[in-house]
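Data first, discussion second: the structure below is written as structure tokens.
Readers should treat all values here as calculations from the given coordinates under stated rules, not as data from a laboratory. On a predicted model such as this, the values are computed, not experimentally measured, just so you know. So basically every Cβ, Gly included, is an ideal-geometry build from the backbone, and we count neighbours across all protein chains shown.
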Amino acid sequence: MRGAVESLREWVFAYGTLKPGLRYADVAIKAGLSKTYSATLSRFDLYHLEPEGYPAIVPGDGTVTGVVLEIKESGLALLDVLEGVDLSPPEYRRERHKVHGFSAEVWVYVYHRADRLNRQGAVLIPSGLWPPDTYETKVNNSTD
């Protein structure tokens, strides 16, 4: 019986608005949030996007600090809608990655609109910690 219950759970690495106490924490609760675990994700860079007011991660050299959310398997569909997975083109893609501080691979929403990161308002967060009032910023003024 225990195995059947565990198979109905999924784990998602949250680094932004889904974290407890932040803007969309209620969506995580609706997705069946039962536990959180502190974790970090290596080889990704974290950006704050303005005027959007939310973060984005892309493959890079940094480490991102967040939490693993334990949710119901059926709750992934709700998170996919929030993250724009089914938009054309998608805003984020849900991918499996290993995080430090948790034993299993987890789902991670990776930003898919890389061209947005080269425009004004994309701010690299070298500390890897979001929300904006918790980091030192470096504005990305790249024209590549």
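Assorted remarks:
- Scanning the stretch 77-87 for residues that are in a helix (DSSP H, G or I) and within 16 Å of residue 15 (Cα to Cα) yields a count of 3.
- Candidates 19, 30, filtered to the one that is basic (Lys, Arg) and crowded, with 16+ Cβ neighbours inside 10 Å: 19
- Exclusive hit being within 23 Å of residue 115 (Cα to Cα), among the aromatic types (Phe, Trp, Tyr) and in contact with an Asp or Glu (Cβ under 8 Å, 6 or more places away or on another chain), set 47, 92, 54: 92
- Residue in the stretch 45-53 that is in contact with a His (Cβ under 9 Å, 6 or more places away or on another chain) and not acidic (Asp, Glu) present: no
- Residue match in the stretch 105-112 (condition: among the acidic types (Asp, Glu), assigned to a loop (DSSP other than H, G, I, E, B), closer than 28 Å to residue 35 by Cα and more than 12 Å from the chain's Cα centre (by Cα)): yes
- Residue in the stretch 31-38 that is in contact with a strand residue (DSSP E or B) (Cβ under 6 Å, 6 or more places away or on another chain), closer than 20 Å to residue 122 by Cβ and charged (D, E, K, R) present: no
- Qualifying position, being of a type in the set (A, V, I, L, M) and surrounded by fewer than 17 Cβ atoms within 10 Å (Cβ to Cβ), among 39, 56, 114: 114
- Residues of the stretch 8-15 include at least one that is part of a loop (DSSP other than H, G, I, E, B) and within 12 Å of the chain's Cα centre (by Cα).
- Assessment of the stretch 85-96 against the conditions (over 12 Å from the mean Cα position of the chain (by Cα) and in contact (Cβ under 8 Å) with a residue 40 or more places away in the chain) yields no matching residue.
- Scanning the stretch 88-107 for residues that are touching a strand residue (DSSP E or B) at 6+ places or on another chain (Cβ under 9 Å) and either buried (at least 17 other Cβ atoms within 10 Å of the Cβ) or more than 20 Å from residue 9 (Cα to Cα) (or both) yields 91, 92, 99, 102, 106, 107.
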